[in-house]
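The values are calculated or read from the model by the stated rules, or taken from the named source; none is laboratory data. Values in this document were obtained by computation on a predicted structure and should not be read as measured data. Heads up, the Cβs are rebuilt from the backbone with ideal geometry, glycines too, and the neighbour counts pull from every protein chain shown.
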Amino acid sequence: MEAVRGTGRAPGRTLWVVLGGYAVWVLTWFAAQLAAERWGEPGRTGSLLLFMVGFEALAGVVLALVIGRREGLLGHSEQVPFARTTADRTSGAARAAGLVAFAVALLVGLVGSGAVAGLVAAPPDAATVGKYLLLFPGMALAVTLHCFVLIPRAVERMVGPGRLGTSVAALAGALAVAVGFWVDQLLRDPALAAVQAGVGLAVAAGALLTRSVWGTSAIYFSIMLVNTLEEDRYGAFPWSALVVGAAAVGAGLLIGGMSRHHAPVMPVPVEPATP
């Protein structure tokens with residue numbers, strides 16, 4: 001298959017490795033949410049640390065970066081985890097289409113959800129915003145790496161170049177997000193999972209077309225931040241655990257970014273020109 005030539009990795013093997021990492025991450029997500037429910041208010045600091053250190057930093061960032069770099073699914077350099085390489089470059093038309101997909105995701109996730117209107121009507125205080133700025137960047141990055149980068153690119157490698165590969169890969173990313181947020185609800189309420197799948201489809205398409213990890217993470221973080229601020233459920237979280245958790249995410253980004261790279265970066269699939 002032309003899309004994987006020179007990567008040094010069989011597409012089926014890469015997909016199974018990626019799905020294995022995703023399974024570990026989702027199980028950690030379930031454990032953190034279950035701990036929060038079982039431990040309640042007295043165990044809030046412990047469950048929050050489990051969420052931010054275990055789910056966000058270790059399983060979400062470090063594990064994803066190690067897998068992505070070893071399997072050749074992430075752009076890389078020795079100093080910058082997500083530096084764009086020649087293999088990451090896409091055509092202007094593809095980038096434009098990706099930006100349109102991001103715009104759709106923002107429109108649905110911010111305006112369609114009513115979150116922006118809710119925040120305008122009842123703006124949060126500065127302390128609450130500060131806590132959310134510590135809590136959610138790591139989660140947004142973890143979701144981006146697993147659901148919008150690794151799984152879609154592994155599926156794209158498996159299916160092959162062209163519109164079919166991109167479409168199937170975006171659907172796989174949306175499904176991965178849906179499963180994750182169903183787990184977030186401890187398998188009780190699929191409504192949030194369905195909503196996340198819709199937004200996730202647009203974000204995954206944008207990620208595939210722009211080939212930008214940081215841009216994708218920023219888009220998803222914006223959607224997550226505004227919606228969770230509007231819900232106002234996490235303002236009582238302790239500062240100490242939030243600071244430690246955010247530091248763990250930062251350390252995880254550095255550690256994962258320095259992991260050894262064992263496969264060339266997967267080239268962006270390009271459809272052969274038709275005469």
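Matching residues to (1) of a type in the set (A, V, I, L, M, F, W, C); (2) not in a helix (DSSP H, G or I):
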| residue | (1), (2) |
| --- | --- |
| Ala93 | yes, no |
| Val100 | yes, no |
| Val104 | yes, no |
| Val108 | yes, no |
| Val111 | yes, no |
| Ala117 | yes, no |
| Pro124 | no, yes |
| Tyr132 | no, no |
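Among the residues that make up the stretch 22-40, is at least one of them of a type outside the set (Ser, Thr, Tyr), at pLDDT 95 or above, within 16 Å of the chain's Cα centre (by Cα) and buried (at least 22 other Cβ atoms within 10 Å of the Cβ)? Scanning the stretch 22-40, I find at least one residue that is of a type outside the set (Ser, Thr, Tyr), at pLDDT 95 or above, within 16 Å of the chain's Cα centre (by Cα) and buried (at least 22 other Cβ atoms within 10 Å of the Cβ), so the answer is yes. When Ala247, Ala241, Ala263, Ala251 are checked against the criterion of being closer than 17 Å to Ala32 by Cα and either modelled with pLDDT of 95 or more or surrounded by 15 or more Cβ atoms within 10 Å (Cβ to Cβ) (or both), a single residue qualifies: Ala241. Is it true that some residue in the stretch 224-247 is of a type in the set (Lys, Arg), touching a Ser or Thr at 6+ places or on another chain (Cβ under 9 Å) and over 15 Å from Leu141 (Cβ atoms)? No; the residues of the stretch 224-247 include none that is of a type in the set (Lys, Arg), touching a Ser or Thr at 6+ places or on another chain (Cβ under 9 Å) and over 15 Å from Leu141 (Cβ atoms). Only residues that are in contact (Cβ under 8 Å) with a residue 40 or more places away in the chain and part of a helix (DSSP H, G or I) were counted across the stretch 148-194, and they come to 19.
Taking the stretch 211-221 as the range and being touching a helix residue (DSSP H, G or I) at 6+ places or on another chain (Cβ under 7 Å) and either assigned to a helix (DSSP H, G or I) or of a type in the set (Asp, Glu) (or both) as the test, the residues that pass are Val213, Thr216, Ser217, Ile219, Tyr220, Phe221.
Among the residues of the stretch 227-237, is there at least one that is at pLDDT 95 or above, over 26 Å from Arg69 (Cα atoms) and part of a helix (DSSP H, G or I)?
Applying the first criterion (at pLDDT 95 or above) to the stretch 227-237 yields none.
Within the stretch 227-237 (the criterion being at pLDDT 95 or above, over 26 Å from Arg69 (Cα atoms) and part of a helix (DSSP H, G or I)), the answer is no, since none of the residues qualifies.
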